[in-house]
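Undergrad: Quick one: structure below, then a few questions.
The values are calculated or read from the model by the stated rules, or taken from the named source; none is laboratory data. In this text the structure is predicted, and so the values were computed from the model without any measurement. Using ideal geometry, Cβ is built from the backbone for each residue, glycine included, and neighbour counts are taken over all protein chains shown. Ligands, DNA and RNA are stripped out before the accessible areas are found, and what is left, the full protein with its side chains, is counted by its heavy atoms. Shrake-Rupley method; radii C 1.70, N 1.55, O 1.52, S 1.80 Å.
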Amino acid sequence: MAEHLVRTLITKATSILFQHVKHHVTQLVNVEAERNKLIKTLASIQSILHDAENKEIEDQHIKTWLKDLKLTSYVIDDTLNDWNMAVVEVNGNTSRSSLTNKACLAFMLPCVYSKQMSSLMKVAIKIRNINRTLVSIDARKNAFRFDSISSSQNGVEVGLIELHNVNVTTSYDIFSRDDEKEFILSKLTSENGSPIVFIWGMGGIGKTTLAKVIFNSVEVQNLFEVKVWVSGFRMPINQIRDLVNQKRFMLVLDDVWAEDFNIWKPLLLGLNEGASGSKIMITSRNEEVGRRVNAIKDTFMHPLRVLSDEDSWIVFKRFAFAGKSEEFCEKLNEIGRKVSDKCGGLPLALEAVGSLMDLKDSKEEWEHVLNDKIWRLELGDHVSNPLMLSYYNLPSVMKRCFCYCANFPKGTKIDAVNLIQMWMGQGYLGYDQTVEMEIIGRGYLNSLVRRSLFQEPERDKDSGTILRFKMHDMVHDVASYLMEDECLTVTEMPNEVKETRHLTVALEDDIAFPIPHKQLEKLYSFSIQSFHDCPEMVGADCVTLPHEFFNNFKYLKTLDLSRNMLLVIPNDINKLKSLCYLNLSHNPFYELPETVCDLPNLQTLKLIACYHLTRLPQSIGKLEKLRHLEFDESRSLLTLPKGVAKLTALRTLSKFVIGNGDDAVCSFRDLKNLNHLRGCLVIEGLEQTDASETKDAELEKKEHVSDLHINCGFEWSVIDGFKLNSNLEVLRIDKYGGQRFSNWMTDLTNLKKIRLHEWANCIGLPPLGKLPLLKVLHIEDFKAITHVGSKFVGVLSSSSTSTTAFPKLEKLKFSHMEDWQVWNMNLMNSINVMPCIRYLNLSHCDKLQSLPQEVLGLPIKKLRIRRCAFLKQRYQNESGENMEMVSHISNVRIQ
């Protein structure tokens, strides 16, 4: 971790320190020599850090030395930021000649030395003092006889990082728990016996995994009317009781610690409010919790034991030998068994270490892991040796990213994009402009998932991209152990924070909103968590931040004040000059102060679900480094200020709203220079513009936009002139007003998903069958359509060779086609259609008479027909006159 920190500081000192003032002010304050000395000393230390970090685990003196280095590195980082801010103060928007005049004036008239130049002098003195400390630390390293490694050798580790998604299994099977699964199921599905099943065992043994398999089983899904899963007891008791009232329910309370009788009694008595046969399943590390529960209500207690050696080996080798050759597996079988045995039968450890071994490609590497000193160390009751081994085998660039996650409370579902933005804000993703920081961060995250240090990844069903994940409690313990005093989570503002750099205040209901104090100046991360949704109506319970709230955050890089019922954001937010990440989502404020635009380093601004926000600051264009501007669900925000057009660094923009001709708001042509936008782009307000602006917007240059959502506002001439980039994969078009659609849609040959919604006047469907990669198609609310024929297929004739229409289509849905009566194909025999179709859904198509024979002969696995009167009469089971025509489809539902 220190290795990457020092490398980052060298880069920062080299590239940032003298920006704009290199030839003038640096001579005045005599700091350039000190800067060079700083870089030289850091480089000397960097060369031995790889060896130092490998040895710190067993040598307390080395650990202390590294801690001193890390604390000094933070001071260096703070000082470099101070210099940068002082440079901004001095330089401002003045010309180089003006700056030269200031420097000369300071030489000739020191008595009138400006305040700004004085700031630079103070920072220069700090750098000089830091150098003295750093030289002392550098000298101390010689006592440890570290091996030196060149920077080029250090760089090799980056190759281990997964820059793309890798779909690998990250949860062990419960094949070795099959008997236990069936046994517990019998207890839960029986009318007799205990109403409560308590599963307990040590951390990482698989309690939650077993409970999830049982919870999702067919038996449970069919038997219980209501099924509720609560993690870590993070739901109010009254809310739970309301859910289960008078119903046959299955309630799972996962990872419970509370032993207090007064907490348990009202909840467990809630069983009396459910229907007969209701059950509760509880998992916990603490056997005493089960005894307390049993004292209130009859409870069956089931201890979960570690896996046997043979079962452990089966779990381990699934991860360790994934994709390896048979010869490789045979060669390393014996070493693998020994490593497996060291994991102590804990599934989580077997998964993590097995995932680590999968990255090792030689016998020497496997032997190195087997003989690693970490196995022999005493690390304390809550720190797992196998998981610590996984950490120490991370590339140094990823160690800081992993440890940062100690900031999130245990059991939290961590949003992947949000975390990557926080990493970026902390400077963990580097300053290399040749690779997008977000892509680097995604690679780190994928790698941590593959190594099983991040658990339970939730993926986008289409792209496979990881959306959210969890850290197992034992993994979280490792991150917390490594962060020591740097990371602190409390329920109210602490009086002192000492070495803390990352502070989270998880407010309880009866605690007053905290006011920061002077000692928080050194914080890099600050979060207040109150968990409130933005209210529909602004009430008396809203919070107004005092004007001095931001006074004491000189070095703050990430600030999360989301879900805190904030009504007013004070003007002094502009004091957060180091701030890179600001999250104000789910708060009821009406506007942001213009001073937000005076944050020179801001990269991420999140305003999601701020229902009452009516406008963005007019001078937002000053935020030159802003990469992510998110305001999804902020429904009162109906225009964007003209300054958005200047945010050329933007990668994320929730939506682009076209104004009504007002010079102060964005027009369509203001999209022209936003060519770094990525992911999803929503365009609204096309009815406010005209066709002449279409070319000026240069949509064809948005090559990184993969998902485009256009709300036409029933305009048609503007969209007819569109030219889009061929990289587009997802397209949604709402409220198109034309009768026929332009041909450009079929030129987008990379489209995989299309949704066309509310085309009120369109009398014919586009020939979408031509699109070679289209997988999902949803056509909805085409009120003028009466007939769908062969033009929709896109193949009107055939040559001597066969032709395929919709070659990749898997899902097809038509809904709210109120006047649609006829669907026919009239295809030649040599034309193949929809060979990959698996799902067909027709909803609210009341006049549609029948389905084409060509469609009914397709390999459909799931058919859904709802509110289609004629189709229901024709195909419904038993009573339908043509029900045999759909009898071959395994999953049919007609309503």
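Undergrad: So Gly277 ticks every box in (1) at positive phi; (2) under 34 Å from the mean Cα position of the chain (by Cα) but one. Which box is left unticked?
TA: Going through (1) at positive phi; (2) under 34 Å from the mean Cα position of the chain (by Cα) one by one, Gly277 breaks only (2).
Undergrad: Any idea which of (1) touching a residue at least 60 places away in the same chain (Cβ under 8 Å); (2) open to solvent by 20 Å² or more (accessible area, probe 1.4 Å); (3) not in a helix (DSSP H, G or I) is the one Met250 doesn't satisfy?
TA: Evaluating Met250 over (1) touching a residue at least 60 places away in the same chain (Cβ under 8 Å); (2) open to solvent by 20 Å² or more (accessible area, probe 1.4 Å); (3) not in a helix (DSSP H, G or I) leaves (2) as the failure.
Undergrad: Another question, if that's okay. Which number in (1) under 26 Å from Trp200 (Cα atoms); (2) modelled with pLDDT of 95 or more; (3) open to solvent by 10 Å² or more (accessible area, probe 1.4 Å) marks the one condition that Val353 misses?
TA: In the conditions (1) under 26 Å from Trp200 (Cα atoms); (2) modelled with pLDDT of 95 or more; (3) open to solvent by 10 Å² or more (accessible area, probe 1.4 Å), Val353 misses (3) alone.
Undergrad: For Leu488, all conditions in the list (1) at pLDDT below 95; (2) surrounded by fewer than 17 Cβ atoms within 10 Å (Cβ to Cβ) hold save one; what is the number of the exception?
TA: It is condition (2) that Leu488 fails.
Undergrad: Return the only residue of Lys847, Lys791 being out of contact with any helix residue (DSSP H, G or I) (no Cβ under 8 Å at 6 or more places or on another chain) and either of a type in the set (D, E, K, R) or modelled with pLDDT of 95 or more (or both).
TA: Lys791
Undergrad: Pick out the one residue from Asp690, Asp720, Asp696 that is under 28 Å from Lys791 (Cα atoms) and among the acidic types (Asp, Glu).
TA: That would be Asp720, the only listed residue that is under 28 Å from Lys791 (Cα atoms) and among the acidic types (Asp, Glu).
Undergrad: If you don't mind, there's one more thing I want to ask. Quick one: would you say Ser463 is among the small types (Gly, Ala, Ser), on the phi > 0 side of the Ramachandran plot and in a loop (DSSP other than H, G, I, E, B)?
TA: no
Undergrad: Are any residues in the range 538-573 among the polar types (S, T, N, Q), over 26 Å from the mean Cα position of the chain (by Cα) and in a loop (DSSP other than H, G, I, E, B), and if so, which ones?
TA: If the condition is that a residue be among the polar types (S, T, N, Q), over 26 Å from the mean Cα position of the chain (by Cα) and in a loop (DSSP other than H, G, I, E, B), then Asn551, Asn552 are the ones that fit.
Undergrad: Is there a residue in the range 793-809 that is open to solvent by 40 Å² or more (accessible area, probe 1.4 Å) and under 24 Å from Arg864 (Cβ atoms)?
TA: Scanning the range 793-809 turns up at least one residue that is open to solvent by 40 Å² or more (accessible area, probe 1.4 Å) and under 24 Å from Arg864 (Cβ atoms).
Undergrad: Looking at the range 818-831, which of its residues are in a strand (DSSP E or B) and either at pLDDT 95 or above or surrounded by fewer than 16 Cβ atoms within 10 Å (Cβ to Cβ) (or both)?
TA: Matches in the range 818-831: Val822 only.
Undergrad: Any idea which of (1) open to solvent by 10 Å² or more (accessible area, probe 1.4 Å); (2) at pLDDT 55 or above; (3) in a helix (DSSP H, G or I) is the one Leu28 doesn't satisfy?
TA: Among (1) open to solvent by 10 Å² or more (accessible area, probe 1.4 Å); (2) at pLDDT 55 or above; (3) in a helix (DSSP H, G or I), the lone unmet condition for Leu28 is (2).
Undergrad: Let me ask something else. Tell me, which residue of the range 371-382 that is exposed (fewer than 15 other Cβ atoms within 10 Å of the Cβ) and in contact (Cβ under 8 Å) with a residue 24 or more places away in the chain is nearest to the chain's Cα centre (by Cα)?
TA: Across the range 371-382, the extreme among qualifying residues is His382.
Undergrad: Scan (1) under 30 Å from Asn601 (Cα atoms); (2) open to solvent by 10 Å² or more (accessible area, probe 1.4 Å); (3) not hydrophobic (A, V, I, L, M, F, W, C) for the single condition Gly411 breaks and write down its number.
TA: Status for Gly411: all satisfied but (1).
Conditions (1) touching a Leu at 6+ places or on another chain (Cβ under 6 Å); (2) surrounded by fewer than 21 Cβ atoms within 10 Å (Cβ to Cβ); (3) under 29 Å from Gln60 (Cα atoms), marked per residue:
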{"residue": "Glu330", "(1), (2), (3)": "no, yes, no"}
{"residue": "Glu334", "(1), (2), (3)": "no, yes, no"}
{"residue": "Arg337", "(1), (2), (3)": "no, yes, no"}
{"residue": "Ser384", "(1), (2), (3)": "no, no, yes"}
{"residue": "Leu387", "(1), (2), (3)": "no, no, yes"}
{"residue": "Ile420", "(1), (2), (3)": "no, no, no"}
{"residue": "Tyr428", "(1), (2), (3)": "no, no, yes"}
{"residue": "Arg442", "(1), (2), (3)": "no, no, no"}
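Undergrad: Given (1) surrounded by 19 or more Cβ atoms within 10 Å (Cβ to Cβ); (2) touching a Gly at 6+ places or on another chain (Cβ under 9 Å), where does Ile683 come up short, assuming only one miss?
TA: The failed condition is (2).
Undergrad: Moving on to the next point. Among the residues of the range 710-747, write down those that are under 29 Å from the mean Cα position of the chain (by Cα), part of a loop (DSSP other than H, G, I, E, B) and in contact (Cβ under 8 Å) with a residue 24 or more places away in the chain.
TA: Leu724, Asn725, Ser726, Asn727, Glu729
To keep it simple, each residue is scored yes or no on (1) hydroxyl-bearing (Ser, Thr, Tyr); (2) part of a loop (DSSP other than H, G, I, E, B); (3) open to solvent by less than 60 Å² (accessible area, probe 1.4 Å).
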| position | (1), (2), (3) |
| --- | --- |
| Thr639 | yes, yes, yes |
| Val644 | no, no, yes |
| Gly659 | no, yes, yes |
| Arg669 | no, no, no |
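Undergrad: Search the range 101-122 for residues being at pLDDT 75 or above and in contact with a Leu (Cβ under 9 Å, 6 or more places away or on another chain), and hand back the single one that is surrounded by the most Cβ atoms within 10 Å (Cβ to Cβ).
TA: Selected residue: Leu120.
Undergrad: Report whether or not Leu605 is buried (at least 21 other Cβ atoms within 10 Å of the Cβ) and in a loop (DSSP other than H, G, I, E, B).
TA: No; evaluated as a whole, the condition is false for this residue.
Undergrad: Test Leu188 against the stated conditions and say whether it is open to solvent by less than 10 Å² (accessible area, probe 1.4 Å), farther than 26 Å from Lys413 by Cα, modelled with pLDDT under 80 and not aromatic (Phe, Trp, Tyr).
TA: Judged against the criteria, Leu188 is not a match.
Undergrad: Determine, yes or no, whether Phe233 is of a type in the set (Phe, Trp, Tyr), buried (at least 17 other Cβ atoms within 10 Å of the Cβ) and under 26 Å from the mean Cα position of the chain (by Cα).
TA: Criteria met by Phe233.
Undergrad: Would you mind stating whether Phe714 is open to solvent by 60 Å² or more (accessible area, probe 1.4 Å) and either at pLDDT below 85 or touching a Leu at 6+ places or on another chain (Cβ under 8 Å) (or both)?
TA: So Phe714 passes the test.
Undergrad: Still on this structure, please answer the following. From the list His676, His612, exactly one residue is in a loop (DSSP other than H, G, I, E, B) and touching a residue at least 60 places away in the same chain (Cβ under 8 Å). Which is it?
TA: Just a single option satisfies the conditions, and that option is His612.
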